[in-house]
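Each reported figure results from applying straightforward, stated rules to the coordinates on display, with no laboratory input. Quick caveat, the model's predicted, so the values are computed rather than measured. Note that we place each Cβ from the backbone using ideal geometry, even for glycine, and neighbour counts take in every protein chain shown.
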Amino acid sequence: MKNVFAKRIAVICSAVLAGAMLLAGCGAKKDDTAVRVGAMSGPTAMSMVKIMDDAENGKASNNYEFSELATDASAFVAPLTKGELDIACIPSNLASVIYNKTEGGIKVLATCNLGVLNVVERGDSISAISDLSGKTVYMTGQGAVPEYTVRYLVSQSGLDFDNDLSVIWCADTTEALSYINADENAVAVLPQPFVTAACAQVEGLRIALDLNSEWNALNNGCNIVTGVVVARKEFIDAHPQIIKDFIKEYEVSIGYTQSNTEDAAALIEKYGIVAKAPIAQKALPGCNLTFKSGSEMKDTLGGYLSILFEQNPASVGGSLPGDDFYYAD
């Protein structure tokens, strides 16, 4: 009887202990800190549409608050510097500039997209970079990835960017399109998805050169890295699990847009990134949404920034970022 009684007591104690552990587990609080997220209208925001949709429908891992989409990359400098944004998709060279400006205040979590630039024209006068000689070229992105990428490609073709081309800088793609509409001989360097939209609007407009292909032909194994997603170091240190969850969701979001282009395009229209879903769906392959993290991200991004630095140190903020620029779990 004593043995039976002892066994019963042991079972009861085990049950009580298991219940206590279950209650303790249920009582563990999830980090529901509001995560303030920013992105530019275009490929960077397109990379986040699955997270945006999950957040709206209560399915996201974190409590995301998405700010209004920006059309100018410089709009992120002050918010990231002052701590008004926690995570943002920004041009890769701007990430390096902010890192230097804040003395390591931000880290790159992952790549967002590779090259998205195209040379467009009406006609067939351009088949190589060297054909830009003597042309008036309308561009956006002065002081950012577009300028430094085109400068590099032009110099590698034997031309002088400042003397052999007549570059007119436009405030945005809308201004560039107005020039293209008005001038049959206009040549422009535009990013996706705006290139696809422009070709649908302007009769006879065609993609003459894919600058990603031109770059890769010169730099085997080193891609253009147009956009990256960054987070403030202070936020990473304070909320490590939020960052880990975000990176997982971000990889899923990019994979979703790549494999479900029709559904992703509908979300891209829903969130005002591109006006029409059919344009978004057609443009998605050219947006080169690409997720790379860890050492692969460091190798790819580091190689690209090194080329920009050799061309103009100011393009990356005066010096190449240190190893602490690259987030490592």
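What GluC sites (Glu not before Pro) does the stretch 158-242 have in DSSP loop regions with at most 12 other beta carbons within 10 Å? Write down the numbers at each step before the final one.
Numbers: sites: Glu175, Glu184, Glu203, Glu214, Glu234; in loops: Glu184, Glu203.
Of the GluC sites (Glu not before Pro), the ones in loops of the stretch 158-242 whose Cβ has at most 12 other Cβ atoms within 10 Å are Glu184, Glu203.
Taking a ≥ b ≥ c as the square roots of the eigenvalues of the Cα gyration tensor of the stretch 117-218, is the shape rounded (a/c under 1.5), prolate (a/b larger than b/c) or oblate? Don't skip to the end; give the middle numbers.
On the way: a/c = 1.44, a/b = 1.39, b/c = 1.03.
It is rounded, given that a/c, with a ≥ b ≥ c, falls under 1.5.
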task = For the stretch 224-233, take each phi angle, set θ = phi - 60°, evaluate the Karplus expression 6.51 cos²θ - 1.76 cosθ + 1.60, and give the result in whole Hz per residue in order, putting x for glycine and proline.
result = 5, 10, 6, x, 9, 10, 10, 9, 5, 4
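Once a ≥ b ≥ c are taken as the square roots of the eigenvalues of the Cα gyration tensor of the stretch 196-329, is the result rounded (a/c under 1.5), prolate (a/b larger than b/c) or oblate (a/b not larger than b/c)?
Oblate, because a/c is 1.5 or more while a/b does not exceed b/c.
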message = To check you understand DSSP bridge types, tell me what percent of the beta bridges within the chain (both residues inside) are antiparallel, rounded to 5.
response = 60
key: Greater than 26 Å apart at Cα, pairs in Lys30/Lys276; Lys82/Lys276; Lys248/Lys270   = Lys30/Lys276; Lys82/Lys276
query = By count of other Cβ within 10 Å, fewest leading, how are Asp31, Asp131 ordered?
reply = Asp31, Asp131
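Considering only DSSP states other than H, G, I, E and B, which GluC sites (Glu not before Pro) in the stretch 57-124 qualify as loop sites with at most 14 other Cβ atoms within 10 Å?
Values: sites: Glu65, Glu68, Glu84, Glu103, Glu121; in loops: Glu68, Glu84, Glu103.
Passing both the DSSP loop test and the Cβ count: Glu68, Glu84, Glu103.
Just to be sure I understand: of the beta bridges DSSP finds with both ends in the stretch 117-218, what percent are antiparallel, rounded to 5?
Details: 10 of 17 bridges.
Counting DSSP beta bridges with both partners in the stretch 117-218, the antiparallel share is about 60 percent.
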task = List the relative contact order of the chain as a percent without decimals, with contacts defined as Cα pairs under 8 Å and 6+ residues apart.
result = 28
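Roughly speaking, what is the stretch gain from Ile207 to Asp183, that is 0.36 nm per residue apart minus the C-alpha to C-alpha distance, in nm to one decimal? The partial results should precede the final answer.
On the way: separation 24, 0.36 × 24 = 8.64 nm, distance 1.64 nm.
Stretched out fully, the Ile207 to Asp183 stretch lengthens by 7.0 nm.
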message = With a 10 Å cut-off between alpha carbons and a GNM built on the chain, which of Asp72, Asp183, Asp53 moves the most?
response = Asp183
note = One finds the C-alpha centres of the stretch 282-314 and the stretch 63-138 to be spaced, in Å, by 11
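Report the local net charge at Gly302: Lys and Arg +1, Asp and Glu -1, summed over other residues whose C-beta lies under 14 Å from its C-beta.
-2
Could you compute the FRET efficiency for Asp162 and Lys30, with r as their C-beta to C-beta distance and R0 at 51 Å, rounded to 0.05?
Working: r = 54 Å, r/R0 = 1.07.
E(calc), rounded to 0.05, equals 0.40.
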note = Computed from the beta carbon distance with a Förster radius of 35 Å, FRET efficiency for Trp169 and Lys276 to the nearest 0.05 stands at 0.80
inquiry  = Under the 0.36 nm per residue contour assumption, what length would be gained going from the current alpha-carbon distance of Asp237 and Glu310 to full extension?
reply    = 23.0 nm
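Could you work out the relative contact order of the stretch 162-319? I mean the mean sequence separation of Cα pairs under 8 Å and 6+ apart, divided by the number of residues, in percent. Mind showing how you got there, number by number?
Working: 87 pairs, mean separation 33.9, N = 158.
In percent, rounded to a whole number, it is 21.
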